[in-house]
1. All but one of (1) of a type in the set (S, T, N, Q); (2) surrounded by 22 or more Cβ atoms within 10 Å (Cβ to Cβ); (3) within 28 Å of Arg189 (Cα to Cα) hold for Asn399; which doesn't?
2. Go through the range 91-109 and give me each residue that's at pLDDT below 95 and either in the same structural domain as Gly326 (by TED's automatic domain parsing) or not small (Gly, Ala, Ser) (or both).
3. Starting from the range 25-40, keep only residues that are within 6 Å of the ligand (Cβ to nearest atom), then list their pairs with residues that are of a type in the set (Gly, Ala, Ser) and assigned to a strand (DSSP E or B) whose Cβ atoms are within a distance under 7 Å, requiring at least 6 positions of separation or different chains.
4. If you check Ala318, Ala266, which single one turns out to be closer than 30 Å to Pro175 by Cα, in contact (Cβ under 8 Å) with a residue 24 or more places away in the chain and surrounded by 14 or more Cβ atoms within 10 Å (Cβ to Cβ)?
5. Please note which helices (runs of 4 or more DSSP H) are completely contained in the range 66-154 and include at least 2 residues that are within 13 Å of the ligand (Cβ to nearest atom) and within 30 Å of Ile13 (Cα to Cα).
6. Can you give me the number of residues within the range 162-210 that are assigned to a strand (DSSP E or B) and crowded, with 16+ Cβ neighbours inside 10 Å?
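The values are calculated or read from the model by the stated rules, or taken from the named source; none is laboratory data. It should be emphasised that the depicted structure is a prediction, and the values quoted were computed from it without experimental measurement. Reconstructed Cβ throughout: ideal geometry from the backbone, glycine too, with neighbour counts over all protein chains shown.
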Amino acid sequence: MALPRTTEEVSRILALSYEEEFPVIPRGAGTATTGAPLASEGGLVLALPLMNRILEINSEDLVAVVEPGVVNGRLREALAQRGLFYPPDPASFRFSTIGGNVATCAGGPRGLKYGVTRDYVLALEAVLPGGEILPLGTRTLKGVMGYDLTRLLVGSEGTLAVITRITLKVLPLPPARATLAAGFASEARALSAMQEVLLSGILPAAAEFMDEVTLSATGFPEREVRGLLLFEFDGPESAVAEELERAEEKLRSWAVFLKKAEGSEAENLWEIRRGISPALKKLGARRFADDVVLPRSRLPVFLERVKELSAREGLTVACFGHAGDGNLHVNILFNDEEEKALLLREKILELVLELSGTLSGEHGVGLTKKAYLPAEVPPRGLSLMRAVKHLFDPKGLLNPGKVL
Ligand SMILES: Cc1cc2nc3c(=O)[nH]c(=O)nc-3n(C[C@H](O)[C@H](O)[C@H](O)COP(=O)(O)OP(=O)(O)OC[C@H]3O[C@@H](n4cnc5c(N)ncnc54)[C@H](O)[C@@H]3O)c2cc1C
């Protein structure tokens, strides 16, 4: 493993890789769920945690410039001290790096109102296979000079270049924030209620959903609850109060309980949400975890059909996630029944495409979704992707075997 401290060191490692023809696998904190930062075909892991300086926070320009190893949560804290805000909030924000977030185009609950990582990347410094250092993008909020190579690198999972510096757009920190938890007697009622809130013109920062299986794993205290919604509202104090009131009004006839929370109480509810992934281990030693996205109107039919499929196969499936933007984490939990679980996974992924969804909203392709890429991307799209990979990395030495 190499642990460079500077762009020049990254450049020298990539030059050596091209001379000696050994693979290089970029890595941030290694939290990817798809196997993307693994040296699955051997080679040198190029880990970036030591390139962890926040180089600039500029309130006038509303930008932050960071090295790739800066942990998302640390940037968030540094910005908050200056009254600023970087919205992308993967549940792994306490340990995943901005470099990894950019390379996977990470999302999170706040995607509903604020979008995902790609919406905040203005400029990058990247080191190309062979060692050339390439600045891309601008530090301005707009810029359309030529093809958008900056965005091409966002979500490229370390297969095109190593990102060594990132210029991010940031926002003023919303002065007020509030959480509203709503429990329902059924999963379907939870999704219908969410749709009613969102159709009423309210745009929460987040609208998260947990199904019955997920709730049982997290040990959620209210026993009669079979589906849960967790909303976050942010903005000026009066606007937050008004949105909360209107949302409560919409939810009252659907929910079995409603709970408003602020400060540490709200943080505890969000901790339960962030702890789902580890909590699911209780229900199965192994799992296939997908993060599919559906057009929001199709979530109820998707969930119903997933439950039918899982009951038919006799396997436990937990569905939770950023339902407000249609993104559900579908976890098939199993012990020894790998073949059965794989078959069920294929049926669920087919269903996603049948309902005009996508097979990954934020975790990317890595190794675990590679086989499914041709099901979603047409052959010409795939051949263009291969040609792009070849242009950047003609010897195929950067994170080989991932994505394509
Ligand atoms: C408990 C848990 C919760 C999670 N929740 C979310 C969530 O809510 N939303 C979400 O989007 N993801 C989530 N993830 C997945 C993961 O945290 C994200 O994909 C995250 O962005 C990865 O960051 P990392 O620093 O760990 O990168 P790594 O896992 O180390 O790497 C991820 C990919 O980026 C590449 N890469 C890393 N750094 C660079 C660089 N500097 N230059 C080029 N390529 C690079 C790697 O090669 C690899 O392909 C979660 C993971 C866990 C374990």
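1. Result: Asn399 fails condition (3) only.
2. Within the range 91-109, Pro109 is the sole residue that qualifies.
3. Arg27/Ala47; Thr33/Ala289
4. Answer to the selection: Ala266.
5. Values: elements: 72-81, 98-104, 111-114, 149-153.
By residue number, 72-81, 98-104, 149-153.
6. Looking only at the range 162-210, we keep the residues that are assigned to a strand (DSSP E or B), and these are 162-169, 171-172, 176-184, 206-210.
Now drop any that are not crowded, with 16+ Cβ neighbours inside 10 Å, which leaves 162-169, 177-184, 206-210.
Matching residues across the range 162-210 total 21.
Conditions tested, residue by residue: (1) away from the ligand (no atom under 16 Å from the Cβ); (2) assigned to a helix (DSSP H, G or I); (3) under 17 Å from Thr218 (Cα atoms); (4) in contact with a Gly (Cβ under 9 Å, 6 or more places away or on another chain).
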{"residue": "Ser238", "(1), (2), (3), (4)": "yes, yes, no, no"}
{"residue": "Glu243", "(1), (2), (3), (4)": "yes, yes, no, yes"}
{"residue": "Glu249", "(1), (2), (3), (4)": "yes, yes, no, no"}
{"residue": "Leu258", "(1), (2), (3), (4)": "yes, no, no, yes"}
{"residue": "Glu267", "(1), (2), (3), (4)": "yes, yes, yes, no"}
{"residue": "Ile272", "(1), (2), (3), (4)": "no, yes, yes, yes"}
{"residue": "Pro278", "(1), (2), (3), (4)": "no, yes, yes, no"}
